[in-house]
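What follows is one structure encoded as structure tokens, with my remarks underneath.
The values are calculated or read from the model by the stated rules, or taken from the named source; none is laboratory data. What you are looking at is a predicted structure, and each value in this text was computed from that prediction instead of being measured. Methodologically, a virtual Cβ is constructed for each residue, glycine included, from the backbone with ideal geometry; neighbour enumeration extends over all protein chains shown.
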Amino acid sequence: MTEIDKQLSDLKQIRQLMERSSKFISLSGLSGISAGVIALIGAFVARWRIHNVLDFNNVVSYKAIPSFDVLYSLLFELIALASITLILALAAAFFFTNKKASERGESLFDSLSIRMLVNLAIPLITGGIFCLFLLQQNISLIAPAMLIFYGLALVNGSRYTVDHIRYLGMAEIVLGLIAGLFPGKGLLFWATGFGVFHIIYGAVMYFKLER
């Protein structure tokens with residue numbers, strides 16, 4: 001190793017130490033991929049239930065208009081499905097991120113990760129409450145609102161982790177704004193934002209930073 005190579009190696013180590021002290025860099029690309037796959041499965045099940053319960057052909061021809069009880073039951077099912085999807089996605093993200101942190105000899109819950117989680121939580125909690133209001137006011141805007149507030153949360157928390165999170169957040173915000181123009185396509189945009197975008201983000205993270 002030449003003197004120049006040694007200096008470059010030292011600079012690389014110094015940079016890594018500075019990143020560890022200022023950013024939480026144990027996020028795993030596999031967590032993004034797994035969360036995206038789970039979201040797509042959840043969206044597929046939701047679409048199947050909607051078409052199965054409503055039977056669009058009969059509804060359009062006014063042969064069988066679903067009763068209020070049927071619609072209320074379907075809404076409850078979709079909320080339960082969304083909750084299960086969220087729990088599974090968070091569990092997968094925790095598993096892979098904790099695994100990467102252990103391999104790097106880092107703690108998953110240090111001051112940086114807690115700061116990042118707090119910055120993520122503020123827009124997420126606000127968005128969750130806002131979506132509850134939309135359940136009574138305008139249900140068609142729930143998917144766009146979820147994408148927008150999730151994107152804001154990622155951008156807000158990105159200052160404490162890798163830059164890829166910021167780019168994902170900006171993409172989610174733009175997608176959410178576009179989804180607001182197509183209220184009847186909420187599930188499609190939801191699947192794209194939480195499914196496809198997460199898989200792309202996770203793949204980029206994995207192949208660029210972890211291999």
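Looking at Gln16, Gln7, can you tell me which residue is under 29 Å from Arg166 (Cβ atoms), part of a helix (DSSP H, G or I) and modelled with pLDDT under 85?
On the way: Gln7 fails: under 29 Å from Arg166 (Cβ atoms).
Selected residue: Gln16, the only one of Gln16, Gln7 that is under 29 Å from Arg166 (Cβ atoms), part of a helix (DSSP H, G or I) and modelled with pLDDT under 85.
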Just checking, which of Ile122, Ile148 is under 25 Å from Val196 (Cβ atoms), aliphatic (A, V, I, L, M) and assigned to a helix (DSSP H, G or I)? Ile148
So which residues in segment 99-117 are in contact (Cβ under 8 Å) with a residue 12 or more places away in the chain and not in a loop (DSSP other than H, G, I, E, B)? Lys99, Lys100, Ala101, Leu112, Ser113, Arg115, Met116, Leu117
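Conditions (1) within 17 Å of the chain's Cα centre (by Cα); (2) over 30 Å from Leu54 (Cβ atoms); (3) modelled with pLDDT of 85 or more; (4) surrounded by fewer than 13 Cβ atoms within 10 Å (Cβ to Cβ), marked per residue:
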{"residue": "Leu74", "(1), (2), (3), (4)": "no, no, no, no"}
{"residue": "Ala82", "(1), (2), (3), (4)": "yes, no, yes, no"}
{"residue": "Thr85", "(1), (2), (3), (4)": "yes, no, yes, no"}
{"residue": "Lys100", "(1), (2), (3), (4)": "no, yes, no, no"}
{"residue": "Glu106", "(1), (2), (3), (4)": "no, yes, no, no"}
{"residue": "Ser111", "(1), (2), (3), (4)": "no, yes, no, yes"}
{"residue": "Leu117", "(1), (2), (3), (4)": "yes, yes, yes, no"}
{"residue": "Ile122", "(1), (2), (3), (4)": "yes, yes, yes, no"}
Residues that are touching a Leu at 6+ places or on another chain (Cβ under 8 Å), more than 25 Å from Leu154 (Cα to Cα), of a type in the set (Val, Ile, Thr) and at pLDDT 80 or above: does segment 44-59 have at least one? yes
For segment 153-194, which residues satisfy the criterion of being small (Gly, Ala, Ser), within 20 Å of Lys208 (Cβ to Cβ) and under 12 Å from the mean Cα position of the chain (by Cα)? Gly169, Ala171
Residue tally, condition in contact with a strand residue (DSSP E or B) (Cβ under 9 Å, 6 or more places away or on another chain) and polar (S, T, N, Q), over segment 156-175: 1
Those residues that are within 16 Å of Ile125 (Cβ to Cβ) and buried (at least 21 other Cβ atoms within 10 Å of the Cβ), I need them from segment 151-168; list them, please. Gly151, Leu152, Ala153, Leu154, Gly157
